[in-house]
Amino acid sequence: MFDDVKPVQLSQEQLGQAQLDQVPPHHGGDLQHWQRKVGNDALDWLDLSSACNREPRPVPEVDPILWQELPDQTALLNQAAHFYGIRPIAIGAGSQHIIESLPLFLSYQHAKKRACVPRIGYQEHAFAWQKWGYELVFYDAVNELLEMEWSVAVVIQPNNPTGAMAEAVLIKALVVRAELLEGHLVIDEAFIDPMPHLSVLNELERLVKSESLFVLRSVGKFFGLAGARVGFVFCATSWQSTLRNLLGPWPVATPSLWLVEQALKDVSWQEKALLSLADRQKVFIDRIMPKFHTVFDSQECVITPLFFTWRLESKEAAEFAFSMLHQVGVHTRLGDGWIRVALPAMHEMAPLNHALVGLLKKAGGRELA
C-alpha cells in the first residue's frame, strides 16, 4: 500500500562500524519549519500532522520543589507496574531514548549485524541500527521475518502510518525465531494504548524469561504528553543493570516523572479518553472522511484510534493535496505518496469541516457525498 523506503547504502567495509555522520530522518509535520517558511499565515493552522491525542490529559500545576529535586524513578516504576500489569525494566527519555540505546549494547551480542525493519514505519528504528553499523534489511509483512535471517528484528504495533498489526501467535513465533537465531526482537507499542488488549505485555509474563524480547511503551501518543519525554522498556530482568547503566542515573526530569505518574494513576481520565476517541472517530468518519476522500481523490484509507492515513495515486498527488490543504489552514503529515491525518479534537471538527468545504468549492464546487 505504501511506497518503498530508499535506505542509505553502506559498503562492506562500513558495515559493522559506527556511522554517526548519517543524515537523520525527517520528523513529523514540523509545524515550526512551516511557520518559519510561510510566516504569520501559518500561525493559526490547524495542526493535524502529529498522531498524538488532540485531547491530551490536562497538565496540572507542578510544585516548584520538583524542579529542585534530583529524579527518583521509584514512584513512577510502581505506578507503571500497576498500569501495564508488569514492572518496566527501565525508564528512558521517551521510547526514542531506548531506541537509540538498544543498538549500542546489543551490538556486542551479535556476531553478524543485520537489522530487519519495516519498509514503511517509524524511520528512527532503521536509522538507529544503521548508525551503529548494522546492515538494514526491509520487510513488507511481519510474517516474512519467520523466513529471514537477522540479528535484530523490529515490529511496530500498530505500525505508523500503515496501521498494520501482527497477531499474538505470530509474535510468539518470532520470539522463538529470535532465540533460534540468537538474536533479538524489538516491539514498539507507542500507539497501542487505545487498544491495550492487543498489547504484547499481556503475554509478557510467559515470555519474560526470554532475553531476546524487548517491548517499548510511550506516554506521548494516547496521553498526548510527548513533551514530557517518558518511555518504558520491558524485557528480561537480566538486562536491567546494563540498560540502566547505559541510560544513566537521571534520564528523565523530576517534573516529568511526577506528571506521568499522575497520568497513569488517573483512571477516570483514561476511561473518558477512550470514549472520546470512539466518539470523535465516529464524527470524523461520518462528516469529515468523505470530504478527504474527495480532496485526495482516494478512498484507500487506514483507520486507527489516533490517526487516518490515505494512500494517493502518486507522490506528486500527495504533495499537491498537502499544499492545497495549507491554503485553507490545515496541516497534515506528508509521506511518499501518502498523507496522515491525526484524529481531531471534538472542537476542531467544525473548523476542519468548514475548511474542507471551502477547499472543495474553490477546487470546482464538487458535490459532497
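The values are calculated or read from the model by the stated rules, or taken from the named source; none is laboratory data. What you see is a predicted model; the values in this text were computed from it and never measured. In this analysis, Cβ positions are derived from the backbone assuming ideal geometry, glycine residues included, and neighbour counts consider all displayed protein chains. For accessibility, only protein heavy atoms count, side chains too; no ligands or nucleic acids. Shrake-Rupley method; radii C 1.70, N 1.55, O 1.52, S 1.80 Å.
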Could you tell me what percent of the accessible area of the range 289-369 is made up of carbon and sulfur, with a 1.4 Å probe and every protein chain present? 51 percent
According to the square roots a ≥ b ≥ c of the eigenvalues of the Cα gyration tensor, what is the shape class of the range 65-125, taking rounded for a/c under 1.5, prolate for a/b larger than b/c otherwise, and oblate for the remainder? prolate
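Rounded to the nearest 20 debye, what is the charge dipole size of the range 229-344 about its Cα centre when +1 sits on each Lys and Arg Cβ and -1 on each Asp and Glu Cβ?
300 debye
Would you mind working out the accessible area per residue for the range 110-213, using a 1.4 Å probe, and quoting it in Å²?
40 Å²
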Starting from the Cα gyration tensor of the range 99-246, take the square roots of the eigenvalues, sort them a ≥ b ≥ c, and report rounded, prolate or oblate (rounded when a/c is under 1.5, otherwise prolate if a/b is larger than b/c, else oblate). rounded
Debye intensity ratio I(q)/I(0), log10, the chain, q values 0.07, 0.13, 0.14 Å⁻¹ (C-alpha model): -0.32, -1.12, -1.27
Can you tell which of 65, 183, 121 lies farthest toward the positive end of the dipole of the chain, using +1 and -1 charges on the Cβ of basic and acidic side chains (Lys, Arg; Asp, Glu)? 65
Euclidean distance between Cα centres, the range 299-343 to the range 77-96, Å: 33 Å
Place a label point 7 angstrom from the Cα of residue 272 along the Cα-to-Cβ direction, then list the residues of the range 43-77 whose backbone nitrogen is under 16 Å away. 54-61
Can you give me the Cα centroid spacing of the range 155-194 and the range 228-288 in angstrom? 19 Å
Of the candidates 264, 312, 106, which one comes out as most mobile in a Gaussian network treatment of the chain with C-alpha springs shorter than 10 Å? 106
To the nearest 20 debye, the chain has a Cα-centred charge dipole, built from +1 on Lys and Arg Cβ and -1 on Asp and Glu Cβ, of 300 debye
Which of the lysines could be linked to residue 112 by a straight reach, that is with a Cα gap under 21 Å, when you skip same-chain ones fewer than 8 residues away? 131
Using a simple charge model, +1 on the beta-carbon of Lys and Arg, -1 on the beta-carbon of Asp and Glu, nothing else, what dipole does the range 178-265 show about its Cα centre, in debye to the nearest 20? 320 debye
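I'd like the carbon and sulfur percentage of the solvent accessible area for the range 76-134, probe radius 1.4 Å, heavy atoms only, ligands and nucleic acids excluded.
50 percent
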If you wrap a convex hull around the alpha carbons of the range 218-260, what volume per residue comes out, as a whole number of Å³? 75 Å³
If you take the charge dipole of the range 217-341 about its Cα centre, with +1 on Lys and Arg Cβ and -1 on Asp and Glu Cβ, which of 219, 241, 269 is farthest toward its positive end? 241
Starting from the Cα of residue 282, move 7 Å in the Cα-to-Cβ direction to define the label point; list residues of the range 48-87 whose amide nitrogen is under 20 Å from there. 54-55
Between residue 111 and residue 195, what is the label-point separation in nm under the 7 Å Cα-to-beta-carbon projection? 3.8 nm
Stokes-Einstein D in µm²/s, Kirkwood radius over Cα pairs - the range 199-343 at 25 °C with 0.890 mPa s viscosity: 133 µm²/s
